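Presented below is the structure to which this report refers.
The values are calculated or read from the model by the stated rules, or taken from the named source; none is laboratory data. Not measured: the values here are computed from a predicted model. A quick note on method: Cβ atoms are made from the backbone with ideal geometry, for glycine too, and the neighbour counts reach across all protein chains shown. The area values use the complete protein model at the heavy-atom level, side chains included, leaving out ligands, DNA and RNA. Shrake-Rupley method; radii C 1.70, N 1.55, O 1.52, S 1.80 Å.
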Amino acid sequence: MTSNKFVNTWIEEMKALTTPDSVVWIDGSEAQIEALTQQSLAAGELQKLNGEKLPNCYIHRTAVNDVARVEHRTFICTRKKEDAGPTNNWMDPAECYEKLRKLYKGSMKGRTMYVIPYSMGIVGSEFAKIGIELTDSIYVVLNMNIMTRIGKTVIDSLGDQSDFVKGLHSKADIDEENRYICHFPEDNTIWSINSGYGGNVLLGKKCFALRIASFLGRNEGWMAEHMLILGIENPQGEIKYIAAAFPSACGKTNLAMLIPPEIYRKKGYKVWCVGDDIAWLRIGPDGRLWAVNPENGFFGVAPGTNEKSNPNALAATKRDTIFTNVVHNLDDNTVWWEGLDKNPPKNALNWKGEKWDPDSGEKGAHPNSRFTSKAINCPCISPEFNNPNGVPISALVFGGRRAKTAPLVYQSTDWQHGVFVGSIMASETTAAAAGAVGVVRRDPMAMLPFCGYNMGEYFGHWLEMGKKIKKLPKIFNVNWFRTDEAGDFIWPGFGDNMRVLLWILDRCEDKADAVRTPIGYVPDPKDINTEGLEGVTEATVKELLTVDKDVWKQEAAGIKEFYASIGDTIPKELHAELDQLQKNLDAK
Ligand code: OXD
Ligand code: MN
């Protein structure tokens with residue numbers, strides 16, 4: 001499909017290593033996708049769902065030992081260990097290649113190798129970057145077809161250049177003892193083996209668009225962030241854009257597709273989703289920060305997605321979707337997951353494919369079960385989604401799941417302080433990653449599992465970008481998850497988060513006041529509109545906005561420890577911010 005010698009030489013090398021029976025180039029045509037879908041159905045890898053209720057939708061089950069990203073088996077392989085930094089697992093590249101070559105050797109024997117040329121970002125745009133994924137999984141091809149822009153136009157746009165990310169994926173034996181997700185940022189290379197789970201094998205997503213891209217962004221002067229992008233349209237038809245970072249499963253997809261509360265809908269407010277997971281940010285010719293979503297679809301967590309939490313995502317799943325590890329309702333050949341509705345199917349298979357009794361107390365869908373849906377099928381997808389120039393960002397928002405510490409919202413005092421605020425993000429772990437659930441961990445800028453280089457240098461890159469962006473977005477922190485004594489959430493969340501976003505935008509336009517606290521600016525409680533909110537008054541908002549100095553003193557101690565764990569790459573500016581925080585907390 002191409003005469004590009006860099007591409008062809010590399011494919012020959014990978015072919016010699018993995019020895020597939022045949023090699024098939026993915027041209028991205030409908031006919032080819034249809035033929036592969038049929039093949040996957042025949043092999044039992046996919047099952048077709050009810051064509052009337054869920055047209056062009058399929059269900060897939062992964063191996064039971066392969067249901068989430070595996071951070072402990074994810075490596076950044078830079079020549080120098082310190083370039084990967086203390087937050088990443090590191091292996092020497094030569095050693096890693098050698099180790100993995102043994103695993104890849106002959107791993108595609110009896111299988112077909114699919115060559116997927118894909119573009120992260122609109123093909124040919126200034127933001128776009130090209131990757132080629134070699135895989136022995138049709139499931140990967142079909143998911144990549146939803147999640148990225150693939151096929152002939154991509155390989156044509158690469159021309160004879162060598163500038164592409166080389167991804168090699170083999171399911172091999174789905175052996176968890178030999179599962180590796182390895183990144184070689186200095187070689188533009190990703191090797192993934194022994195997994196079939198999306199986050200480990202859809203190499204355009206976390207592996208390229210965050211880990212490799214963050215490394216490229218630092219070298220090239222742009223940013224790859226774990227951020228949703230949304231636009232808020234006011235009744236005058238003006239749209240302002242916000243990019244926001246949250247750790248996995250903090251309701252990021254829900255926020256990205258938020259439905260405004262009725263009082264705002266009536267006035268004519270609208271929310272547009274540009275992206276739900278990843279933002280690539282560049283300085284535009286006008287000196288502002290511009291963002292694109294490099295993806296083309298959503299790989300969303302199914303459980304908890306319902307008519308109330310996220311009707312837009314639910315609508316996007318109603319056609320052209322691949323469901324992974326959800327409940328299969330055998331009565332009408334549809335799907336179900338916990339939190340979809342209160343009517344679990346009686347005649348159904350659980351995510352493992354076993355007969356499932358909803359009264360058994362066991363979950364039917366895996367907590368990290370997913371839908372892979374096309375962005376264009378989302379009712380609130382932004383008209384700017386396919387704009388090659390992206391959208392201008394007014395505010396950057398960080399957030400996490402904190403029961404007590406962070407107020408509902410606060411604003412940093414300037415860019416440097418905002419970088420500090422991002423660097424100290426923390427949240428409780430969820431089911432999106434393998435390992436313990438419910439443990440609080442630091443997750444700076446929600447990039448802990450996704451930063452492709454030294455975290456301290458990554459903070460430094462943020463500070464450098466701040467010097468180059470002429471019209472800086474303002475930086476905020478939100479926390480939807482504060483709880484009362486009984487452990488119940490105080491803030492209603494979901495669509496009502498719009499009320500907080502509007503304060504944020506007002507601040508960006510100097511339209512709202514704020515109160516200075518030791519940690520930054522919080523709203524005057526009366527500036528968070530509670531009209532139409534049941535049980536939430538100005539007094540509730542006041543409580544949500546309190547900054548408990550003692551809790552923050554403990555927090556500051558935790559930050560100090562965290563910074564120490566990263567070591568001397570932490571920029572001195574951030575140490576200065578921490579000192580300032582401590583001073584503010586000690587002040588009477
Ligand atoms: C995801 C994540 O988006 O884990 O899947 O962050
Ligand atoms: Mn994510």
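Computed over protein heavy atoms with a 1.4 Å probe, the accessible surface of region 1-94 works out to 50 Å² per residue.
Distances between placed amide hydrogens fall under 5 Å for ASP320 paired with ASN56, CYS57, all partners being 5 or more residues away or on another chain.
Of SER412, SER3, the residue with the largest accessible area leads and the full order is SER3, SER412 (1.4 Å probe). For ILE150, neighbours were defined as the other residues whose beta-carbon sits under 15 Å from its Cβ, and their charges (Lys and Arg +1, Asp and Glu -1) total -2.
Taking only the Cα atoms of the chain, the radius of gyration and Dmax are 23.4, 74 Å. Listed by chain and number, the aspartates and glutamates whose alpha-carbon sits under 17 Å from that of LYS553, ignoring those within fewer than 8 places in the same chain, are GLU561, GLU577, ASP579, ASP586. Label-to-label distance for ARG319 and ASP357 is 4.0 nm, based on points extended 7 Å past Cα in the beta-carbon direction.
Computed packing ranks the peptides 163-173, 571-581 as 163-173, 571-581, most packed first, by mean other Cβ atoms within 10 Å.
When DSSP beta bridges are restricted to pairs lying wholly in the chain, around 65% turn out antiparallel. Over all other residues within a Cβ to Cβ distance under 11 Å of ASN4, the charged ones net out to -2, with Lys and Arg as +1 and Asp and Glu as -1. Dimensions of region 208-351 along the principal axes, based on C-alpha atoms and rounded to the nearest Å, stand at 58, 42, 24, largest first.
Accessible area per residue for region 298-374 is 41 Å², calculated with a 1.4 Å probe on protein heavy atoms, without ligands, DNA or RNA. The apolar share of the surface of region 298-374, taken as the fraction of accessible area on carbon and sulfur atoms (1.4 Å probe, ligands and nucleic acids excluded), comes to 47 percent. Just the protein heavy atoms count here, and of the accessible area of region 93-170 at 1.4 Å, carbon and sulfur take up 46 percent.
Using a probe of 1.4 Å on the protein chains alone, the accessible area found for TRP191 is around 10 Å². Taking 0.36 nm per residue of separation and subtracting the current Cα-Cα distance, fully stretching the chain between GLU561 and LYS471 would add 29.1 nm. Most tightly packed first, judged by the mean number of other beta-carbon atoms within 10 Å of their residues, the peptides 391-401, 95-105, 236-246 read 391-401, 236-246, 95-105. Look at the dipole of region 518-588 built from charges on Cβ: of THR569, VAL547, THR530, the Cα furthest out on the positive end belongs to THR569.
At full extension, GLU485 and ARG79 could sit 141.2 nm farther apart than now, given 0.36 nm per residue minus the alpha carbon distance. Computed from phi, the 3J(HN,Hα) profile of region 309-318 under the Karplus parametrisation 6.51, -1.76, 1.60 (θ = phi - 60°) reads 5, 7, x, 5, 5, 4, 4, 5, 7, 7 Hz, with x in place of Gly and Pro. Of the listed residues MET1, MET227, the order by accessible area with a 1.4 Å probe, largest first, is MET1, MET227.
Please work out the average accessible area per residue across region 462-564, using the 1.4 Å probe convention, and give it in Å². Roughly 50 Å² per residue, with all protein chains present. Between ASP21 and LYS48, the simple label model (points 7 Å from Cα in the Cβ direction) yields a spacing of 2.4 nm.
Mind running the shape call on region 298-374? Use the C-alpha gyration tensor, a ≥ b ≥ c as the square roots of the eigenvalues: rounded below 1.5 for a/c, prolate if a/b tops b/c, oblate otherwise. Here region 298-374 falls in the prolate category. With each label modelled as a point 7 angstrom along the Cα→C-beta vector, the GLU71-ARG101 pair spans 3.2 nm.
With 0.36 nm allotted per residue and the present C-alpha distance subtracted, the ASP579-LYS266 stretch has 108.0 nm of extension available. Select from ASN325, PHE299, SER360 the residue farthest towards the positive end of the dipole of region 298-374; place +1 on Cβ of Lys and Arg, -1 on Cβ of Asp and Glu, and compute about the Cα centre. Checking the options against the dipole of region 298-374, the answer is PHE299.
Which entries of LYS152/LYS206; LYS266/LYS511; LYS252/LYS474; LYS206/LYS240; LYS270/LYS374; LYS205/LYS471 have Cα-Cα distances beyond 25 Å here? Those over the limit are LYS206/LYS240; LYS205/LYS471. Bridgeable aspartates and glutamates around LYS363 (alpha carbons under 13 Å apart, same-chain partners fewer than 8 residues away excluded): GLU338, GLU354. Counting only protein heavy atoms and a 1.4 Å probe, tell me what percentage of region 526-581's accessible area is made up of carbon and sulfur. Answer for region 526-581 is 48 percent, counting heavy atoms of protein chains only. Taking every Cα-Cα distance in region 510-588 and sorting them into 10 Å bins starting at zero, the pair-distance distribution P(r) comes out as 16, 36, 28, 17, 4 percent. Of the residues LYS80, LYS553, ranked by 1.4 Å probe accessible area with the largest first, the sequence reads LYS80, LYS553.
The simple Förster model, with R0 at 22 Å and r as the Cβ-Cβ distance, assigns LEU330 and ALA63 a FRET efficiency of 0.50.
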